[in-house]
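The values are calculated or read from the model by the stated rules, or taken from the named source; none is laboratory data. Predicted model only: the values in this text are computed from it and were never measured. In this analysis, Cβ positions are derived from the backbone assuming ideal geometry, glycine residues included, and neighbour counts consider all displayed protein chains.
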Amino acid sequence: MSQTIESFIEQIVRQVVTDKVTHQISSNPIRRSLVVANWKMNMTLKTIVSFIQNFNVKNGQGEVVLCPPDPYLYPVRSLLKESNLSCSVGAQNVHWQDMGAYTGDVSAEQLSDIGCKYIIIGHSERRMSGETNDMVNKKVDQALKYNLIPIVCVGESKEERDNQRTSDVVRDQVLAAFSGIKNLSQIVIAYEPIWAIGTGESASPEQAQGVHELIRSTLFEQYGDIATQIPILYGGSVKPSNVNKLSSMKDIDGVLVGGASLNADDFSTITRAFM
Ligand code: PGA
């Protein structure tokens with residue numbers, strides 16, 4: 001490697017600064033569509049390279065976000081640049097403190113530093129391992145402090161749906177996540193019914209639309225007009241075969257995709273439904 005460490009660091013810093021400026025200019029308050037890949041604890045460098053080679057997305061009005069496991073955030077960002085793919089990069093979690101003795105955790109400042117733009121917060125798989133509404137709220141605050149866009153996941157369990165508690169649960173999660181947050185112009189919400197995640201059983205487009213409407217009206221009551229500009233994504237067994245109906249619903253502004261985002265062809269098809 002002929003490059004010195006200093007020039008390598010300088011190059012990274014220059015790239016990150018340029019991206020931050022571009023991000024600020026391109027942020028606009030009009031509701032946009034968003035397709036997010038949540039790779040969870042999947043993929044390796046080899047499979048990521050092959051995914052990026054085969055991913056076929058046109059530059060449309062929407063935005064595509066890839067959320068790899070933390071070790072691959074920077075490599076994915078570099079590979080996207082090399083391939084001229086205009087996708088953004090997001091993390092799957094963040095700590096709510098600035099820094100400190102939190103073994104295994106990652107801070108918002110660190111994620112921002114390496115060019116992350118989004119962070120998934122409150123995913124049900126994290127709530128299942130102890131993440132509370134209060135932690136979600138602190139993480140949202142921390143993400144916004146470092147100009148990262150939180151993608152806040154909410155959704156009911158099968159038991160809660162069967163007991164007609166969906167509206168109460170989702171409403172409480174939305175209100176708790178943004179409690180005390182002043183500026184909601186840079187947030188995204190993902191409605192992910194727990195019973196639909198990884199099960200192959202998606203919510204019907206009408207079921208999803210109903211909850212999306214509830215989320216938007218909850219935001220409207222609390223925060224006014226800004227609610228009309230907040231993208232609300234659906235997540236839970238989204239696949240090429242059901243994405244078109246989901247995308248035709250007026251309050252479904254995009255999707256958060258787990259399993260089907262691991263396959264470049266499937267994810268390309270899903271992406272096209274919103275671009
Ligand atoms: P799935 O996961 O698409 O595999 O159901 C969605 C998610 O967990 O975000």
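Surrounded by 22 or more Cβ atoms within 10 Å (Cβ to Cβ) and β-branched (Val, Ile, Thr), is that true of ILE187?
yes
Taking MET275 as meeting all but one of (1) under 18 Å from the mean Cα position of the chain (by Cα); (2) within 16 Å of the ligand (Cβ to nearest atom), write down the number of the exception.
(2)
Given the residues GLU206, GLU201, GLU221, GLU213, which is the only one that is acidic (Asp, Glu) and within 20 Å of the chain's Cα centre (by Cα)? Working first, answer last.
Values: GLU206 fails: within 20 Å of the chain's Cα centre (by Cα); GLU201 fails: within 20 Å of the chain's Cα centre (by Cα); GLU221 fails: within 20 Å of the chain's Cα centre (by Cα).
The unique qualifying residue is GLU213.
Which residues, taken from the range 98-125, are within 16 Å of the ligand (Cβ to nearest atom) and of a type in the set (A, V, I, L, M, F, W, C)?
Passing the criteria: ILE119, ILE120, ILE121.
Suppose the filter is at negative phi, in contact (Cβ under 8 Å) with a residue 60 or more places away in the chain and not hydrophobic (A, V, I, L, M, F, W, C); does GLN186 pass it?
When the stated conditions are applied, GLN186 passes them.
Taking the range 196-215 as the region of interest, how many residues are free of Cβ contacts under 8 Å to residues at least 40 places away in the same chain and crowded, with 18+ Cβ neighbours inside 10 Å?
Number of matching residues: 1.
Using the structure shown, decide if ARG126 is in contact with a strand residue (DSSP E or B) (Cβ under 9 Å, 6 or more places away or on another chain), basic (Lys, Arg) and under 22 Å from GLY235 (Cβ atoms).
It is true that ARG126 is in contact with a strand residue (DSSP E or B) (Cβ under 9 Å, 6 or more places away or on another chain), basic (Lys, Arg) and under 22 Å from GLY235 (Cβ atoms).
With respect to ASN133, is the statement that it is surrounded by fewer than 20 Cβ atoms within 10 Å (Cβ to Cβ), within 16 Å of the ligand (Cβ to nearest atom) and either under 16 Å from the mean Cα position of the chain (by Cα) or at pLDDT 95 or above (or both) true?
No.
Within 30 Å of PHE51 (Cβ to Cβ), in contact with a Pro (Cβ under 8 Å, 6 or more places away or on another chain) and within 16 Å of the ligand (Cβ to nearest atom), is that true of VAL243?
no
Just name the residue that is surrounded by the most Cβ atoms within 10 Å (Cβ to Cβ) out of those in the range 85-130 that are in contact (Cβ under 8 Å) with a residue 24 or more places away in the chain and of a type in the set (Val, Ile, Thr).
Residue satisfying both the conditions and the ranking: ILE121.
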